[in-house]
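Read the structure below first, then the notes.
The values are calculated or read from the model by the stated rules, or taken from the named source; none is laboratory data. Please read all numbers here as calculations on a predicted model, not as lab measurements. Glycine also receives a Cβ, built like all others from the backbone with ideal geometry; neighbour counts cover every protein chain displayed.
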Amino acid sequence: MQNRHRGQEMQTVKSKWLAYTVLIGLFPIFSRFLVWLVTKEGSIEPFAPHDFIAFGLVLLISNINEIEHIVDADRSWKTSQNGMSACLIAVHGVLLCLTLIGGDAVDRQAIMYCVAIIALASLGLSYMLFTRISKMS
Amino acid sequence: MTEILVASTVVIALVALGFGAWSLVQTHKEVQRQKERDHPE
């Protein structure tokens, strides 16, 4: 009975993460894609680096917020997790600066690869964090 | 220059994922220890 209740709680934590964090973070990407579908060809790009940066930032900020609200967790783990999230936020900041430079100063395709890679890493880190939270709750 | 940017991003991403995986392994060990404490044989 207790195990069943625990399993449901684990599912709830992950469902909330998926609904409130991942889907909301993906909103800008979906929106741009929908706009691209209904506009004339060439007027807008289907994917933009800013949207992926926004997605990564949403995930990382929610990580920090969630860690701050855990009461009974190892303090060194909380510190290292917060540190990792802060580092990734800094990387997102650098990539955002690169996207804002514009022109031919930076290769847009390379920036796109970089933001996609770092957004995926943020998604993986966030998933692992929420897996831990759901297991320990 | 572009290669350096992409390569450093990949390294940072791998470090972050490695850290996450290490954290998961620690969690698994902690859960096992808790189970053993709760139900000693």
**Request:** Would you check if A:ALA73 is within 25 Å of A:LYS16 (Cβ to Cβ) and assigned to a loop (DSSP other than H, G, I, E, B)?
**Result:** yes
**Prompt:** Do the conditions hold for A:ALA110, that is, is it surrounded by fewer than 18 Cβ atoms within 10 Å (Cβ to Cβ) and either part of a helix (DSSP H, G or I) or touching a strand residue (DSSP E or B) at 6+ places or on another chain (Cβ under 7 Å) (or both)?
**Reply:** yes
**Request:** State whether one or more residues within segment A:91-103 are facing another protein chain (nearest Cβ under 10 Å), in a helix (DSSP H, G or I), within 18 Å of B:GLY20 (Cα to Cα) and modelled with pLDDT of 90 or more.
**Result:** yes
**Item:** Within chain B, tally of residues that are more than 22 Å from the chain's Cα centre (by Cα), under 30 Å from A:ARG108 (Cβ atoms) and part of a helix (DSSP H, G or I)
**Value:** 5
**Complete:** Selection from segment A:120-137 of residues under 14 Å from the mean Cα position of the chain (by Cα) and facing another protein chain (nearest Cβ under 9 Å) yields A:LEU120, A:ALA121, A:SER122, A:GLY124, A:LEU125, A:SER126, A:TYR127, A:MET128, A:LEU129
**Prompt:** Does at least one position in segment B:24-34 carry a residue that is facing chain A (nearest Cβ under 7 Å) and more than 18 Å from A:SER134 (Cβ to Cβ)?
**Reply:** no
**Prompt:** Restricting the search to segment B:1-21, which residues are more than 9 Å from chain A (Cβ to nearest Cβ) and under 16 Å from A:GLN81 (Cβ atoms)?
**Reply:** B:GLY18
**Message:** Can you find a residue that is hydroxyl-bearing (Ser, Thr, Tyr) and closer than 24 Å to A:GLN11 by Cα anywhere in segment A:67-77?
**Reply:** no
**Asked** Can you pull out the residues in segment A:27-57 that are in a loop (DSSP other than H, G, I, E, B) and either among the hydrophobic types (A, V, I, L, M, F, W, C) or closer than 17 Å to A:SER122 by Cβ (or both)?
**Response** A:ILE44, A:PHE47, A:ALA48
**Asked** Would you call A:ILE64 of a type in the set (Val, Ile, Thr) and modelled with pLDDT of 85 or more?
**Response** yes
